[in-house]
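All remarks here apply to the structure that follows.
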């Protein structure tokens, strides 16, 4: 189920549509996932700039925050979007990948674009490609252009923009953001971004802009050194979590500070965690015990220690914007964080016995999933329903969850790059695991519901999305 944003659009926007939505989807999915530069000395960003120029440069008509990283950038984007909306701003959000429907990549004030709007956007981007004389366009370039055009014509105040791949040459890297955020960086997409952390960090830090604040999560030393160097070269103020801001879990504070016991929002029964955020790099006084109005206690319905780190990065970003004159109130920020929605990320679909969907799809994110399971369900072991893409480190992910698993059920993800579940089962059996193959995700879910086993569905965002839809949740 997907709520759309048709009510947000001016009447002129849903006028005559040349493409139907199925035709628009056929065009988009017929585009390559990546498109090479037309000549060795040309930048892929030249093609994106030409496309946007043919559309009237919509990316110049709103303020933006740009978010890169390997793990957590989608959660950070969702939190920024929720907080800005709670502050009374009109907000566009573009993230990837989508769970089920490509329209999830383009949201206005929390709702996906309407069917007619999506078809119209695709029609106009297709026409702009022809006007600009662009021979080959990638899927992500087309959808990013659609998002920027949608945001401009809907009159958003802010756009929260997630990088698709890397950062330096990503199609989103044509905006002039008010702040840049770099989430946790680890090895992923090594065939494209480089085989070392330093190489990957250089690509992701490519979003850093001159004199624009950059907020980074705590990183491995070789990653932090790259980010610090590029920020220094571009005179970009760098705020590094751990050095400048710190988020503390309520577990160590709940008996000492009653503010740690925050009540959930009315009507919201999701499990939450509370945490305290402090600046740590400046001197306090009795007269001024808080250095920023955004210090204090918060609550989020996104679970796991890593989400506290992500939320702390969001608060550091908002403080950097506040210092540059943006009007942001602490209570609105608190409310936005409490109400954030980000389906398919440690999403508890059934409370007991637990059935959890998580879109972890690389070794680092699977490790964070394993830590969250141990934190929230100590001593419990799980049936893992797993499917992944052929270009992912399946062996590493299986190893990371091995100690948490009683048995494995492997399924095929509904995607052309899906790895055959029989191959995954063989990998697990070689490590002594109990492994079986289900005909479909639905069959696997039916099996664990029937037996009452605590279960986790993971390995890809697509698989998590299918599980969320199967549970009847709204995306």
Practice task
Looking for whichever is touching a helix residue (DSSP H, G or I) at 6+ places or on another chain (Cβ under 7 Å) and either surrounded by fewer than 14 Cβ atoms within 10 Å (Cβ to Cβ) or at pLDDT below 90 (or both) here; the options are 404, 473, 417, 431. Which one fits?
Solution key: 431
Practice task
Collect the residues in the stretch 86-102 that are at pLDDT 95 or above and either part of a helix (DSSP H, G or I) or farther than 27 Å from residue 358 by Cα (or both), keeping them in residue-number order.
Solution key: 86, 87, 88, 89, 90
Problem - Residue ID - nearest to residue 92 (Cα to Cα), chosen from residues in the stretch 155-166 that are modelled with pLDDT of 95 or more and in contact with a strand residue (DSSP E or B) (Cβ under 8 Å, 6 or more places away or on another chain) - result: 159
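Which one of 156, 161 is part of a strand (DSSP E or B), closer than 18 Å to residue 77 by Cα and out of contact with any helix residue (DSSP H, G or I) (no Cβ under 6 Å at 6 or more places or on another chain)? Outline the logic, then answer.
Details: 156 fails: part of a strand (DSSP E or B).
When all the criteria are applied, what remains is 161.
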Fill in the blank from the handout: In the stretch 346-355, anything out of contact with any strand residue (DSSP E or B) (no Cβ under 8 Å at 6 or more places or on another chain) and either assigned to a strand (DSSP E or B) or crowded, with 22+ Cβ neighbours inside 10 Å (or both) is listed as 350
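Suppose the filter is over 30 Å from residue 24 (Cα atoms), touching a residue at least 60 places away in the same chain (Cβ under 8 Å) and in contact with a helix residue (DSSP H, G or I) (Cβ under 8 Å, 6 or more places away or on another chain); does residue 134 pass it? If you could, list the steps in order and put the result at the bottom.
Working: over 30 Å from residue 24 (Cα atoms): no; touching a residue at least 60 places away in the same chain (Cβ under 8 Å): yes; in contact with a helix residue (DSSP H, G or I) (Cβ under 8 Å, 6 or more places away or on another chain): yes.
For residue 134, the condition - over 30 Å from residue 24 (Cα atoms), touching a residue at least 60 places away in the same chain (Cβ under 8 Å) and in contact with a helix residue (DSSP H, G or I) (Cβ under 8 Å, 6 or more places away or on another chain) - is not met.
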Problem - Among (1) at pLDDT 95 or above; (2) buried (at least 21 other Cβ atoms within 10 Å of the Cβ), the one test that residue 335 misses - result: (2)
Exercise for the section: Under 7 Å between Cβ atoms, at least 6 apart or on separate chains: pull out the pairs that start in the stretch 422-433 with a residue that is assigned to a loop (DSSP other than H, G, I, E, B) and end on any residue that is surrounded by 17 or more Cβ atoms within 10 Å (Cβ to Cβ) and modelled with pLDDT of 95 or more. Expected result: 433/408
Completion exercise
(1) in contact with a helix residue (DSSP H, G or I) (Cβ under 7 Å, 6 or more places away or on another chain); (2) buried (at least 19 other Cβ atoms within 10 Å of the Cβ); (3) in contact (Cβ under 8 Å) with a residue 40 or more places away in the chain; (4) assigned to a loop (DSSP other than H, G, I, E, B) all hold for residue 168 apart from (3)
Practice task
Please go through the stretch 375-398 and pick out each residue that is over 17 Å from residue 460 (Cβ atoms) and buried (at least 16 other Cβ atoms within 10 Å of the Cβ).
Solution key: 376, 382, 383
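The rows are residues; the columns are (1) touching a helix residue (DSSP H, G or I) at 6+ places or on another chain (Cβ under 7 Å); (2) modelled with pLDDT of 90 or more.
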site	(1), (2)
349	yes, yes
357	yes, yes
378	no, yes
390	no, no
396	yes, yes
Exercise for the section: Tell me which residues, restricted to the stretch 356-367, are surrounded by fewer than 23 Cβ atoms within 10 Å (Cβ to Cβ) and more than 15 Å from the chain's Cα centre (by Cα). Expected result: 363, 367
Problem - Which listed residue, of 366, 385, 445, is closer than 27 Å to residue 341 by Cβ, outside any helix (DSSP H, G or I) and in contact with a helix residue (DSSP H, G or I) (Cβ under 7 Å, 6 or more places away or on another chain) - result: 385
Practice task
List every residue pair whose Cβ atoms sit under 6 Å apart, with the two residues 6 or more apart in sequence or on different chains, where the first one lies in the stretch 42-53 and is under 14 Å from residue 131 (Cβ atoms) and the second, anywhere, is assigned to a helix (DSSP H, G or I) and modelled with pLDDT of 95 or more.
Solution key: 51/128; 51/145; 52/59
Handout entry: Odd one out for residue 329 among (1) more than 21 Å from residue 159 (Cα to Cα); (2) touching a residue at least 40 places away in the same chain (Cβ under 8 Å); (3) surrounded by fewer than 23 Cβ atoms within 10 Å (Cβ to Cβ)
Key = (1)
Problem - Flag if residue 270 is within 25 Å of residue 84 (Cα to Cα), under 22 Å from the mean Cα position of the chain (by Cα) and either surrounded by fewer than 17 Cβ atoms within 10 Å (Cβ to Cβ) or modelled with pLDDT of 95 or more (or both) - result: yes
Handout entry: Within the stretch 188-227, considering residues that are in a helix (DSSP H, G or I) and free of Cβ contacts under 8 Å to residues at least 12 places away in the same chain, the one nearest to residue 321 (Cα to Cα)
Key = 221
Exercise for the section: Write out, first by first residue and then by second, each pair whose Cβ atoms fall under 6 Å of each other, whose residues are 6+ apart or on separate chains, and whose first residue, in the stretch 66-85, is at positive phi while the second is modelled with pLDDT of 95 or more. Expected result: 69/182; 69/183; 72/183; 72/310
Handout entry: Matching residues, the stretch 406-439, being over 26 Å from the mean Cα position of the chain (by Cα) and under 16 Å from residue 355 (Cβ atoms)
Key = 406, 407, 408, 409, 438
Exercise for the section: Give the residues of the stretch 167-194 that are closer than 14 Å to residue 223 by Cβ and modelled with pLDDT under 95, sorted by residue number. Expected result: 167, 184, 185, 186, 187, 188, 193, 194
Practice task
Please work out if residue 462 is in contact (Cβ under 8 Å) with a residue 40 or more places away in the chain, in contact with a strand residue (DSSP E or B) (Cβ under 9 Å, 6 or more places away or on another chain), part of a helix (DSSP H, G or I) and buried (at least 19 other Cβ atoms within 10 Å of the Cβ).
Solution key: yes
Handout entry: residue 117 vs. criteria touching a residue at least 24 places away in the same chain (Cβ under 8 Å), closer than 23 Å to residue 192 by Cα and buried (at least 21 other Cβ atoms within 10 Å of the Cβ)
Key = no
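The values are calculated or read from the model by the stated rules, or taken from the named source; none is laboratory data. Bear in mind that the values here come from a model prediction, so they are computed numbers and not experimental data. Please note: Cβ atoms are built from the backbone with ideal geometry, for glycine as well, and neighbour counts cover all protein chains shown.
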